[in-house]
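One structure below.
The values are calculated or read from the model by the stated rules, or taken from the named source; none is laboratory data. On a predicted model such as this, the values are computed, not experimentally measured, just so you know. Glycine also receives a Cβ, built like all others from the backbone with ideal geometry; neighbour counts cover every protein chain displayed. Each accessible area value is taken on the protein alone, full model and side chains, heavy atoms only, with ligands, DNA and RNA left out. Shrake-Rupley method; radii C 1.70, N 1.55, O 1.52, S 1.80 Å.
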Amino acid sequence: MLARRTTNGPFRPDPVSREHQRILMRVAQAAPSHFNSQPWRFVLIENPETIARIAEISGESMTELIDAGVFFERYRRYFRFTQAEMEERRDGIHIDHLPAPLRPFTRHIFSDSGISMMRRLGVPKKLGEDNRKLVAGSPLLMAVLLDKEEYRPGELSGFYSVFGMGAAVENIWNAVGELGMGIQFVSTPMEIPRQWQAIRELLNVPPELELMAVYRLGYLPYDQGRPSIDWSSRHRKRPSQYVYREKVGQPEQDEE
């Protein structure tokens, strides 16, 4: 579990074996759920045409979000630009890999002037195409859905169902490494309602199910390069930053 990783780069083109797919579904099935309701549903996607279409939607979404500055506006509080900043906060992501033209302007990338510069350099289209290629090159996509009989936002059942789904996905995430595989969240379409609806329609999601997430999976390459813009996120908060002893406000002591 401590060796868990998220795969930001490409996968090998090899199909994911049915045996490994069954293992992943079996470990998901073993997750806890409220009253053993097992509210999760999965769609395993191998059809190249379906994967290509989801990849197009993902790439278009990335380009739109970057070009409009929406992505950085929403998430800039998570970005760290120096190792010292990362060491102090121990959360977020350290942007440590950028295209050469952007490196001198690292701290200004997510400002209005920085976004304008990225538009002039064609960065939104480049990132969108990189994203499209990553998804398109994935031999397996996995859509995660919840049964609306359990998933009722605003009610405790809604919390319980999301909690159970999270446990099921985490079981999968912890299992892929043992199979020589990687996994990554395909998040950008979720940021744009019409794009998320396009994926719902593509997967023929019925009214009684809610599409919650899409992941890409595959076998890890032997020599993995890095995307155009990449980050590291291996730091974790110290116990004193997230654990209290007996009462809130009494932080746990850090180990020497």
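Residues in the stretch 167-176: is at least one without any contact (Cβ under 8 Å) to a residue 12 or more places away in the chain and either surrounded by fewer than 16 Cβ atoms within 10 Å (Cβ to Cβ) or more than 17 Å from SER138 (Cα to Cα) (or both)?
Looking through the stretch 167-176, none of the residues is without any contact (Cβ under 8 Å) to a residue 12 or more places away in the chain and either surrounded by fewer than 16 Cβ atoms within 10 Å (Cβ to Cβ) or more than 17 Å from SER138 (Cα to Cα) (or both).
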Would the stretch 2-17 turn up any residue that is among the hydrophobic types (A, V, I, L, M, F, W, C), over 23 Å from SER187 (Cα atoms) and within 21 Å of the chain's Cα centre (by Cα)? yes
Can VAL214 be described as in a loop (DSSP other than H, G, I, E, B), within 27 Å of VAL27 (Cβ to Cβ) and touching a helix residue (DSSP H, G or I) at 6+ places or on another chain (Cβ under 9 Å)? no
For VAL123, are the conditions met, namely being open to solvent by less than 20 Å² (accessible area, probe 1.4 Å), under 15 Å from the mean Cα position of the chain (by Cα) and aliphatic (A, V, I, L, M)? no
Please enumerate the residues belonging to the stretch 130-153 that are closer than 21 Å to ARG200 by Cβ, surrounded by fewer than 21 Cβ atoms within 10 Å (Cβ to Cβ) and more than 16 Å from the chain's Cα centre (by Cα). ASP147, LYS148, GLU149, ARG152, PRO153
Single condition GLN184 does not satisfy, out of (1) assigned to a helix (DSSP H, G or I); (2) open to solvent by 10 Å² or more (accessible area, probe 1.4 Å); (3) of a type in the set (S, T, N, Q): (1)
Is there a residue in the stretch 60-76 that is surrounded by 16 or more Cβ atoms within 10 Å (Cβ to Cβ), closer than 30 Å to ARG119 by Cα and at pLDDT 95 or above? yes
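If we keep just the residues of the stretch 13-45 that are touching a Pro at 6+ places or on another chain (Cβ under 7 Å) and modelled with pLDDT of 95 or more, which is most open to solvent (accessible area, probe 1.4 Å)?
Here the answer is PRO15.
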Among the residues of the stretch 128-166, write down those that are touching a Gly at 6+ places or on another chain (Cβ under 7 Å), outside any helix (DSSP H, G or I) and touching a residue at least 60 places away in the same chain (Cβ under 8 Å). SER138, PRO139, LEU140, TYR151
